[in-house]
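Step one of this worksheet: look at the structure below.
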Protein chains: 2
Amino acid sequence: MRPLPIGVFDSGVGGLTVLRALQAALPHESFLYLGDTARLPYGTKSADTISRYAHQATRALVERGIKLLVVACNTASAVACDDLRAHFPGIPVLGVVEPGARAAVRASKRGRIAVIGTEGTIKGGAYTRAIAREDGAAVVVGRACPLFVALAEEGWTDGPIPTAIAHAYLDDLVDDVDTLVLGCTHFPLLSSVIAAVAGSRVAIVDSADTTAAAALELLDRADLRASEVDTTPTRTRVPVRLLATDGPERFARVGSRFLGLTLHADAVEIVDL
Amino acid sequence: MRPLPIGVFDSGVGGLTVLRALQAALPHESFLYLGDTARLPYGTKSADTISRYAHQATRALVERGIKLLVVACNTASAVACDDLRAHFPGIPVLGVVEPGARAAVRASKRGRIAVIGTEGTIKGGAYTRAIAREDGAAVVVGRACPLFVALAEEGWTDGPIPTAIAHAYLDDLVDDVDTLVLGCTHFPLLSSVIAAVAGSRVAIVDSADTTAAAALELLDRADLRASEVDTTPTRTRVPVRLLATDGPERFARVGSRFLGLTLHADAVEIVDL
């Protein structure tokens, strides 16, 4: 079988936190990542628009050849996954919401769960519905935390300013919950500040790790795992190919923080959707 | 002459601060406002992409009939104004950068000017060039302040968090300048915090007011001013028509803060560019 890559799609660089978790869990796989940087952020846009963008992005990845699509954007996962499955029946589609919801239910001792994310993710209520499917008795509260996105992109991930903003968003929210879901791919960069403000009684669930575990399971079930013995010559092997719809310099600079290693702008290929 | 409206274009709701200044300066005019909310923000996107979006937005306004185009988005003004003038020769085009630069030079006593804006505006250097054309000896420093945009959209416009963020962005910047240009339409909402942090030695220039004055001058010169005696029946007179490319609810909710009066979602017409 031709060793097709796993496609990963996000509105921008945030999904690189999911790519990082996928690479750690699946070191023998190759990846094709697409960040729709020309149209980010999705979090403030309507469901119809997000769905249309998700279709275009998926088509671009499917045309290049992928064996699995990971929708690494919470907003797009919440809105477009079912629709993408219907339109691209040949490709298994994995979002970040379902694995995150499952992990939250597992982590929660009293079934009181808070979800933080963008305005679009929270308003859409997909986490609430996904958690209810896992545990009908769970009580879920959501809160949009848009400034966390700006902080992560700016690289202001610790110190008094992120801490003050975390207090403003979270203080009254965490009082009555035992689990907090980071329902936005930008938020893992702020996880230490968020965890400190939430306090040790509150379990923090990052859906990147749980999505990677779900991807592994899905590949196994479908017998799509890459061989551990890679027969591709090292010279031609590309573990990650990065596509973006705009701004390779910014993608590389900001993306480096999200992926946890230095990216160069000339490694980012610009595509038009 | 048919009383055509003035077209105002922005990437989102920020330009409503410019619309507000235009309405105050030109109470007899009607306005057609377009916010490209499906693709905001422009500030982090490349010049080519911003130019393409500005063309599409301008075409949409020109097709509906306007007598003057005000590009209320700093990023688009910086990148696309000359290009728009070449492509739409029948429509006078006014950006916010030139009037802002002129006002800065007038306000500055020692010719030491700081400009704050989005990443795209600052990186593009349009204010620096425009100020240099007015005063070749002026020293201009620029700084991108992306978190100010998120604060304005969130409505966090005073108190300790905006103040701490303003200190982080501005403390070393304002040390050596006598004038600070608010080079982003979102920033007037934070002007009291910015002015307090900058200190009373520093003059604050808001390009919305100066753009409105320039629009008045341009209309007079071209003999395009609306008659002060409005003969349109009150019932059919529409002083402002609002178009957006996405999310009428969010446009109305966030836009109300920028325009300074309550907007309703059903007053926002969705258009596809």
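The values are calculated or read from the model by the stated rules, or taken from the named source; none is laboratory data. Just so you know, these numbers come straight off a predicted model, no measurement behind them. Heads up, the Cβs are rebuilt from the backbone with ideal geometry, glycines too, and the neighbour counts pull from every protein chain shown. Protein only, heavy atoms only, side chains kept; ligands, DNA and RNA dropped before computing areas. Shrake-Rupley method; radii C 1.70, N 1.55, O 1.52, S 1.80 Å.
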Output the relative contact order of the stretch B:1-130, whole-number percent, from Cα pairs under 8 angstrom with separation of 6+ residues. 27
Calculate, in nm to one decimal, what B:ASP158 and B:VAL62 gain on full extension: separation in residues at 0.36 nm each, minus their alpha carbon distance. 30.7 nm
Output field shielding_mean for B:248-254 (other chain Cβ, 10 Å radius) holds 2
Using the reciprocal of the averaged 1/r over all distinct C-alpha pairs, how large is the Kirkwood radius of chain B in Å? 18.7
A:THR49, B:THR163, reordered so the largest accessible area comes first (probe 1.4 Å): B:THR163, A:THR49
Can you list the copy-to-copy distances for A:HIS28, using a point 7 angstrom from Cα toward Cβ, in nanometres, shortest first? 8.0
Within the stretch B:103-179, report the trypsin sites (Lys or Arg not before Pro) that DSSP leaves as loop and that have at most 15 other Cβ atoms within 10 Å. B:LYS109, B:ARG110
Compute, for chain A, the length of the dipole vector about the Cα centre, with Cβ point charges of +1 (Lys, Arg) and -1 (Asp, Glu) only. Units Debye, rounded to 20. 380
Run the numbers on chain B and let me know its relative contact order in percent, using alpha-carbon pairs under 8 Å that are six or more apart. 25
Inverse of <1/r> over all distinct C-alpha pairs of the protein assembly as shown, i.e. the Kirkwood Rh in Å, gives 24.6
Tell me the distances, shortest first, between A:GLU63 and the same position across the other copies, using label points 7 Å along Cα→Cβ, in nm to one decimal. 2.4
Counting only residues 5 or more places away or on other chains, whose amide H sits under 5 Å from the amide H of B:VAL8 once H atoms are built in the peptide plane? B:LEU32, B:TYR33, B:LEU34, B:VAL70
Report the residue of chain A with the smallest Cβ-to-axis distance, using the rotation axis that brings A onto B, in whole Å. A:ALA150, 2
Dividing the Cα convex hull volume of the stretch B:134-204 by residue count, how many Å³ per residue is that? 86
Placing a label point 7 Å from Cα toward Cβ, how far apart in nm is A:GLY199 from its equivalents in the other copies, listed shortest first to one decimal? 4.2
Which of the trypsin sites (Lys or Arg not before Pro) found in the stretch A:151-255 are in a DSSP loop and have at most 11 neighbouring Cβ atoms, other than their own, within 10 Å? A:ARG201, A:ARG237
When N counts the residues of the stretch B:74-183, how does its alpha-carbon radius of gyration compare numerically with 2.2 N^0.38 Å, as a ratio? 1.15
Can you figure out the FRET efficiency of B:LEU273 with B:SER200, using R₀ = 45 Å and their beta-carbon distance, to the nearest 0.05? 0.55
Given the -39500 (n - 2.57) contribution per DSSP H run of 4+ residues, what per-residue ellipticity at 222 nm results for chain A, rounded to the nearest 500 deg cm²/dmol? -14500 deg cm²/dmol
